[in-house]
1. Can you find even one residue in the range A:437-452 that is hydrophobic (A, V, I, L, M, F, W, C) and either more than 24 Å from B:F72 (Cβ to Cβ) or touching a Cys at 6+ places or on another chain (Cβ under 8 Å) (or both)?
2. Which of the following residues is modelled with pLDDT of 90 or more, more than 30 Å from A:P151 (Cβ to Cβ) and open to solvent by 60 Å² or more (accessible area, probe 1.4 Å): B:E253, B:E290?
3. How many of the residues making up the range B:159-176 are assigned to a loop (DSSP other than H, G, I, E, B) and either of a type in the set (D, E, K, R) or touching a helix residue (DSSP H, G or I) at 6+ places or on another chain (Cβ under 9 Å) (or both)?
4. Would you be able to tell me the number of residues in the range B:334-358 that are polar (S, T, N, Q) and at the interface with chain A (Cβ under 7 Å from one of its Cβ atoms)?
5. What helices (runs of 4 or more DSSP H), lying completely within the range A:28-133, carry at least 1 residues that are of a type in the set (K, R)?
6. Are any residues in the range B:28-59 more than 9 Å from every other protein chain (Cβ to nearest Cβ), modelled with pLDDT of 85 or more and surrounded by fewer than 20 Cβ atoms within 10 Å (Cβ to Cβ), and if so, which ones?
7. Return the only residue of A:F375, A:F334, A:F283, A:F371 being under 25 Å from A:G406 (Cα atoms), open to solvent by less than 10 Å² (accessible area, probe 1.4 Å), within 12 Å of another protein chain (Cβ to nearest Cβ) and aromatic (F, W, Y).
8. Can you give me the number of residues within the range B:60-77 that are at the interface with chain A (Cβ under 7 Å from one of its Cβ atoms) and of a type in the set (V, I, T)?
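The values are calculated or read from the model by the stated rules, or taken from the named source; none is laboratory data. Predicted, not measured: the structure shown is a model, and the values here were computed from it. Methodologically, a virtual Cβ is constructed for each residue, glycine included, from the backbone with ideal geometry; neighbour enumeration extends over all protein chains shown. Just so you know, the surface numbers come from the protein's heavy atoms only, side chains and all, with ligands and any DNA or RNA stripped out. Shrake-Rupley method; radii C 1.70, N 1.55, O 1.52, S 1.80 Å.
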Amino acid sequence: MGHVAIADQAEEELHEPGSFITRYIWSQDHKVIAIQYGITAIVVGLVALVLSGMMRLQLAFPNAFSFIDPESYYQFVTMHGMIMIVYLLTALLLGGFGNYLIPLMIGARDMVFPFLNMLSYWVYLLSVIVLLASFFVPAGPTGAGWTLYPPQSILEGTPGVEWGIMLMLVSLAIFIVAFTMGGLNYVTTILQARTRGMTLMRMPLSVWGIFIATILGLFAFPALFVSAIMMMLDHLVGTSFFMPALISQGETVSHDGGSPIMFQHLFWFFGHPEVYIVALPAFGIVSDLISTHARKNIFGYRMMVWAILAIGVLSFVVWAHHMYVSGMHPYFGFFFATTTLIIAVPTAIKVYNWVLTLWRGNIRLTVPMLFAIGFIFSFVNGGLTGLYLGNVVVDVPLSDTYFVVGHFHMVMGVSPILVIFGAIYHWFPKITGRMLDERLGKIHFWLTFLGTYAVYLPMHYLGFLGVPRRYYAYGTTEFIPDSAQALNVNITVAALIVAVVQIVFIVNVIWSLVRGERASGNPWDATTLEWQTPETPPRHGNWGDELPTVYRWAYDYSVPGREEDFVPQNEPLSSDELKESENRERGEGQ
Amino acid sequence: MLPKAKQLFLRVLAPLLLFPLSVSAMAEEGGWLKGINMTPGVTEVSRQIYDLHMIIFWICVVIGVVVFAVMFYSMIVHRKSKGYKAANFHESTKVEIAWTVVPALILIAMAVPATTALINLYDTSDAEIDVKVTGYQWKWQYEYLGEGVSFMSELTTPDSEIYNREAKGQFYLQEVNNPLVIPVDTKVRFLITSKDVIHSWWMTDFGVKKDAIPGFITETWARVEEPGVYRGECTELCGQGHAFMPIVVNVVEKDEYNSWIAEKRAAAKAERELASKQFTMDELMSRGEEVYNRSCASCHQANGEGIPGVFPAMKGGAITTGPVEGHLDIVVNGKAGTAMQAFGNQLSEVDLAAVVTYERNAWGNNTGDVVQPVDVLKFKQGQ
């Protein structure tokens, strides 16, 4: 019962902030840190959004813009990918939502290491600053692609080989330090600081998703960390971890005997779990959104938890499916194709369970619900196209084409972003005490959702045609017919519209902060603990004098015989329920 | 009327339709929609890939339709505004076992043809011809092993087309100076490697894509069934010229291939013999001018004046009028950190001797130096 001791801590030990600075800047409150993480991630994400707009302009209108030359194009490609995956999605889902939701959902006053938590944010901010600094150094950021494959990432002929690549590697290393501080904190908090009655199998799926994703991160990021350090050594000191003997720009390099393939293995050993580091929190959050807004318990809760666990474990044995054309032994290809297809099974279970949760619910098409359903659509589409890529032979014509671009943007770009938006619309009333505007929210949803389809669906078709990705120049060719180039123009127009539509969201947030309708403590009639706080927004320490006690799972919606269609987790069992649960326990005991 | 309708479909409607719907229309082989699906290609492997692709496609359509149908039904019928009262069921072991078994069965059904194709894809045994493919930034080298024939294959699309100063040609970014030539109906093994960064050799019509990795040799193969000119490209980001190293493969009848390779073999042999011969100044000058215009003039200009500030002048240049050793060094080994490539392996000894002689005597440089192929060979061996 380790959690009770911490849960009973006295108020003054929780570093109640005194001044403005300790309250909002050097804050150790998980809620403030979450908002700091969130705002930083969104700002840096907007930079990446602008970069993608520039790429799209070049692809639709080749060489019509003089400021986009091959060098800057590859720099945009690289920075867009890395920022979106690591500095936006990972940081926002774990640093942002993880920080905000974990203590509130499990009934804790804060993270167990509040100072470390604060440090984690500031180190993350440092990594962002180092990364963005590469735009201002001579020759600019690296243009090696977000995969940073050596030898090209540290050789002449790749943009930003002087400064950019070093700043990228240093920034990643700093980010991983920040992530490790935050991640250890999340895991420890979930294991140690749950309130009375909050057993693991009563935790909301959001917490489960964030929990397992964090553990994945703690195992996966070290692989990236060492490869970043080894690449730095190769570049600066002249070691040969990843560098074979080769000729660069007519000169024999001083390296000898290294293996570029080893980097790919290390990178994808991080890179594939990274997909699930982003996806699992999204899975969790979307389960809660669907259950709440369909007024119905999540179908197969246990199965959902086991599926998250299974996906987490399997995600460590599929990495080489990113390397089918790197020339591996066919038995390995067969092994990784098999594990890749096996991971589809728990993922499919999750989808079916979401659909069955909707089935015969009392569906409220609120803005968070729209985003959640939009997520299921995009995720199913993105997952199905994964069936093509998971097969070694079908991957041969499709790898490194726009099919891959379409696939991963659907599955780990659009899908988690839709969940993030849904989650913001859902928890905004708790965070700020005001509702976001419903009408602007719906405009934002429909334009974003349909817009992303207009962007990414045609890319699958481009991939079938064989249009390669990461190409600076297209234009009409024998190989890339008129229809493909016309699609490129369509995609660009749609992408620019989607980018501009995000202004609606920003306006909504700012307007609602000031003028939005005041929210009650539990505007969605949800069962989970974060909606049961004494104040909204919750004060420092979250729970006032007494911590809540949990009596039931997180999904008691539309329970028969109840007047209201939800029962909060901290509501004691009624006499009927008590009898029923005793009967059940007796039944299990025999 | 019909072409207009097709145009409309390709440009506007196709991208807007939902994925399963639009691709199912595209999937029809032949007919007026031909050419917007993946190509079945011209080898056994590429056809196996295509067939598997279509199996997966139909599986995806079925799954998509079923899942989305249930979702839409729920969203329409079980909405709050319809006054639907939520049910309360939360677990069903039977249903959940079905959830697990059905996708597992689907995956197994897919794995059988996939594995057959996989084994075929990797079977590089019993090849009749071995071609070594080497990637460079940003061109390909093809070497016919055992034939003594080897050449570079580079993009020929001029910058003026890339930067929109001229209209783009029919084979914009898909044309090279020396295509790879292979015979039809013959198993050709490709041994793929790289001299600098990772590239990837992709011929979509052959069902072939393999990374070219420095320090490694990867293998793949093709038996092409129809003669023709096929075009492919590099698909692994290899620096800023990634988009500018296409592949062109000329598949010809066996007879034609045999005479072509015999010719190439003889030319290569003659070239090697020439290397030991002494040339006159005039011979070297006329050959040198050809080589210069082909390999050097695009940067240093035909008049030898270069482009001030970017490409140094040859006319009266410090290197072209300085010691012969220094001149050979920069031509053979290139200059690091500049656009000057190493031509040591790209040009023959005769060509190197000729072009150096030419540069030292043209445009009024008149050093009077005659560099013989033997001198180049000695220089290379002395390194």
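1. First, the residues of the range A:437-452 that are hydrophobic (A, V, I, L, M, F, W, C): A:440, A:443, A:445-447, A:449-450.
Checking the rest, the ones that are also either more than 24 Å from B:F72 (Cβ to Cβ) or touching a Cys at 6+ places or on another chain (Cβ under 8 Å) (or both) come to A:440.
Among the residues of the range A:437-452, at least one is hydrophobic (A, V, I, L, M, F, W, C) and either more than 24 Å from B:F72 (Cβ to Cβ) or touching a Cys at 6+ places or on another chain (Cβ under 8 Å) (or both), which makes the answer yes.
2. B:E253
3. Residues flagged as assigned to a loop (DSSP other than H, G, I, E, B) and either of a type in the set (D, E, K, R) or touching a helix residue (DSSP H, G or I) at 6+ places or on another chain (Cβ under 9 Å) (or both) within the range B:159-176 amount to 8.
4. 1
5. The qualifying helices (runs of 4 or more DSSP H) are A:30-60.
6. Of everything in the range B:28-59, those that are more than 9 Å from every other protein chain (Cβ to nearest Cβ), modelled with pLDDT of 85 or more and surrounded by fewer than 20 Cβ atoms within 10 Å (Cβ to Cβ) turn out to be B:P40, B:E44, B:R47, B:D51, B:M54, B:I55, B:W58.
7. Every option except A:F375 fails the conditions.
8. 3
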